[in-house]
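Asker: One structure follows; several queries about it will come next.
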Amino acid sequence: MINIVKWRLKSGDAVEHAHVRSFGLFTGQLGYAWNNTLLYVKGGAAVTDNHFEHRFTGTSTVIDSASDTRWGGAIGAGLEFGLAPNWSLGVEYDHLFMQDRSLTFTAFGAPSTLDNTSQNLDLVTARVTYRFGGPAVTRY
């Protein structure tokens, strides 16, 4: 589970708690390699599964909640550096442009409030990669 949480102050004694439960990227990338370094840009689609709650400030008691799945666009850039045969280090930045939505929050199974929510995500990934195998050589 991805734990991306945002708190936003609501009017009165309540805050909005936004939680991205999961996300997915469907992207293609285009890059330029020189020596053992690869610089690339990427773009495509993104999807997020979200859960929102209104909570009392003092006790953190949930007043009402809503969930949704959003589709949007994704752009990003990355840099990968080859350390040794089959080993590399990389860093990548992605920005997800998700749709704005009006959500109906429910309390005890009944609609309670309508709230406009907007969502953009910024992701930074650092990685160490090992590639198994090697070039295939056919022998006759």
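Asker: A66 - would you say it is out of contact with any Leu (no Cβ under 6 Å at 6 or more places or on another chain) and part of a strand (DSSP E or B)?
Answerer: Here the answer is no, as A66 does not meet what is asked.
Asker: So, of the residues in the stretch 86-115 that are free of Cβ contacts under 8 Å to residues at least 12 places away in the same chain and not in a strand (DSSP E or B), which turns out to be farthest from V62 (Cα to Cα)?
Answerer: Residue satisfying both the conditions and the ranking: G109.
Asker: Then there is this: Quick check on the stretch 108-124: of everything there that is of a type outside the set (A, V, I, L, M) and exposed (fewer than 11 other Cβ atoms within 10 Å of the Cβ), which residue is modelled with the highest pLDDT?
Answerer: Only one residue fits best here, namely D122.
Asker: Being under 18 Å from T27 (Cβ atoms) and surrounded by fewer than 16 Cβ atoms within 10 Å (Cβ to Cβ) is true for just one of R127, R131. Which residue is that?
Answerer: So the residue among R127, R131 that is under 18 Å from T27 (Cβ atoms) and surrounded by fewer than 16 Cβ atoms within 10 Å (Cβ to Cβ) is R127.
Asker: Now for a separate question. Quick one: would you say G58 is within 20 Å of the chain's Cα centre (by Cα) and either surrounded by 15 or more Cβ atoms within 10 Å (Cβ to Cβ) or touching a residue at least 40 places away in the same chain (Cβ under 8 Å) (or both)? Show your work before the answer.
Answerer: Numbers: within 20 Å of the chain's Cα centre (by Cα): no; either surrounded by 15 or more Cβ atoms within 10 Å (Cβ to Cβ) or touching a residue at least 40 places away in the same chain (Cβ under 8 Å) (or both): yes.
Against the criterion (within 20 Å of the chain's Cα centre (by Cα) and either surrounded by 15 or more Cβ atoms within 10 Å (Cβ to Cβ) or touching a residue at least 40 places away in the same chain (Cβ under 8 Å) (or both)), G58 does not qualify.
The values are calculated or read from the model by the stated rules, or taken from the named source; none is laboratory data. Keep in mind the model is a prediction, meaning the values are calculated, not measured. Positions of Cβ are generated from backbone atoms using ideal geometry, with glycine treated the same way; all protein chains shown enter the neighbour counts.
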